[in-house]
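Okay, so here's the structure we're looking at.
The values are calculated or read from the model by the stated rules, or taken from the named source; none is laboratory data. Model, not experiment: these values are computed from the prediction. When we count neighbours, we look across all protein chains shown, and the Cβ atoms used for this are built from the backbone with ideal geometry, even at glycine.
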Amino acid sequence: MSGAAVSVRVPAKVNVQLAVGGARPDGFHDLANVFLAVGLYDVVTVRPADALRVTVSGADADQVPADGTNLAARAAELLASRRGLAPNVEIHIAKDIPVAGGMAGGSADAAGALVACDALWGTGCSREELLALCAELGSDVPFSLVGGAALGRGRGERLTPLEVGGAFHWVFAMADGGLSTPAVYRECDRLRAECGRGADVGSVPAPEPSPALLDALAEGDLAALASAIMAGGTSNDLQAAALSLRPSLADTLVAGEKAGAMASLVSGSGPTCAFLTRDEPAAKALAEALTATRTCRTARGAPSPAPGATLL
């Protein structure tokens, strides 16, 4: 085992499309999840210790668990168990990805911990082994490892890389407090059942990605991507549920649209709202305008696509 610390940078994500199938008998939902990594990053650093410990710094660090429930700690334990090692490391997470914001910060930290521990312990995992471990930890963790853009099938863990033909600039408006992902899925099921069409796999069409959206990404066509995101109201099947549980998010979406966003949507299960903008200066102006409306706690710009877990 090396005695040096190892640091890994990991990106946030936005779900450019999140198509949600019906509730399966196991309670999960099949997805067609178009992931796009964005340039907001956490840095996960691991170093040898006499026991597994987690420390956290940065924005909203007090909201991140610093015990064995932390997904990064579980990642270290999982890799150690597969290699017959004791997970005796100190994991420090420098947070810059919004906490409980639907941007996969916890998943990113888990991917970062896996890559960092693999390097620290010299376990020599292949990319395929790391991806399999990521999938055991959570549906979004594999994408945090690979970054860029990808279509996630199954629960989102089965990835197909996607081409992106240019840079896209986003603004993310952070709400006060989080939203429980399981609660948002339950609300999605409830709303579907309330509409009378049913919520199980026999009642909801199988989720499929939008060909227009995939083409827009591949061609780097900003206007076409904005149109595809807004087609049918939104490209996120969880948005109605997130708005039902947190009605104030509607004010944030409207404020962003009035301030010049080309497209808007709730990111994943929320409560962060994502806005597609024309370029970096437009993103800066939109973030300032949104913050001034007081419909969100803060707003930040970020480019995409961004690389996945990267050793520093």
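Of the strands (runs of 3 or more DSSP E) lying entirely inside region 113-201, those containing at least 2 residues that are among the aromatic types (Phe, Trp, Tyr) span 168-174. Working only within region 203-251, note down all residues that are among the hydroxyl-bearing types (Ser, Thr, Tyr) and buried (at least 18 other Cβ atoms within 10 Å of the Cβ). Residues satisfying the conditions are Ser210, Thr234, Ser235. Scanning region 194-205 for residues that are closer than 15 Å to Arg24 by Cβ and not polar (S, T, N, Q) gives Gly198, Ala199, Asp200, Val201, Gly202, Val204, Pro205. Out of (1) outside the structural domain of Asp30 (by TED's automatic domain parsing); (2) of a type in the set (A, V, I, L, M, F, W, C); (3) touching a Leu at 6+ places or on another chain (Cβ under 9 Å); (4) surrounded by fewer than 20 Cβ atoms within 10 Å (Cβ to Cβ), what's the single condition that is false for Ala119? Here Ala119 clears every test but (1). Against the numbered list (1) in contact with a helix residue (DSSP H, G or I) (Cβ under 9 Å, 6 or more places away or on another chain); (2) buried (at least 20 other Cβ atoms within 10 Å of the Cβ); (3) assigned by TED's automatic domain parsing to the domain that holds Thr234, Ala283 comes up short only at (1).
Is it the case, given these coordinates, that Glu90 is among the charged types (D, E, K, R), assigned to a helix (DSSP H, G or I) and in the same structural domain as Ala59 (by TED's automatic domain parsing)? No, not satisfied. Whether a residue is within 20 Å of the chain's Cα centre (by Cα) and either closer than 20 Å to Met174 by Cβ or part of a strand (DSSP E or B) (or both) was assessed, and Ala75 does not pass this test.
In region 151-191, what residues are in contact with a strand residue (DSSP E or B) (Cβ under 8 Å, 6 or more places away or on another chain), under 16 Å from His29 (Cβ atoms) and assigned by TED's automatic domain parsing to the domain that holds Ala259? Tyr185, Cys188, Asp189, listed by residue number. Pairs linking a residue in region 29-45 that is within 16 Å of Thr310 (Cα to Cα) and touching a residue at least 40 places away in the same chain (Cβ under 8 Å) to a residue that is acidic (Asp, Glu) and buried (at least 24 other Cβ atoms within 10 Å of the Cβ), with Cβ atoms under 7 Å and 6 or more positions apart or on different chains, are Asp42/Asp109; Val44/Asp109.
For every residue, the table says whether it meets (1) touching a Ser or Thr at 6+ places or on another chain (Cβ under 6 Å); (2) hydrophobic (A, V, I, L, M, F, W, C); (3) under 30 Å from Ala72 (Cα atoms).
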| position | (1), (2), (3) |
| --- | --- |
| Asp215 | no, no, no |
| Ala223 | no, yes, no |
| Thr252 | yes, no, no |
| Ala255 | yes, yes, no |
| Ser269 | yes, no, yes |
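Take Leu265 and tell me if it is part of a helix (DSSP H, G or I) and either under 19 Å from Pro303 (Cα atoms) or not aromatic (Phe, Trp, Tyr) (or both). No; evaluated as a whole, the condition is false for this residue.
Comparison of Ala274, Ala226, Ala241 shows that the only residue that is part of a helix (DSSP H, G or I), under 22 Å from Tyr185 (Cα atoms) and either outside the structural domain of Asn15 (by TED's automatic domain parsing) or touching a residue at least 40 places away in the same chain (Cβ under 8 Å) (or both) is Ala241.
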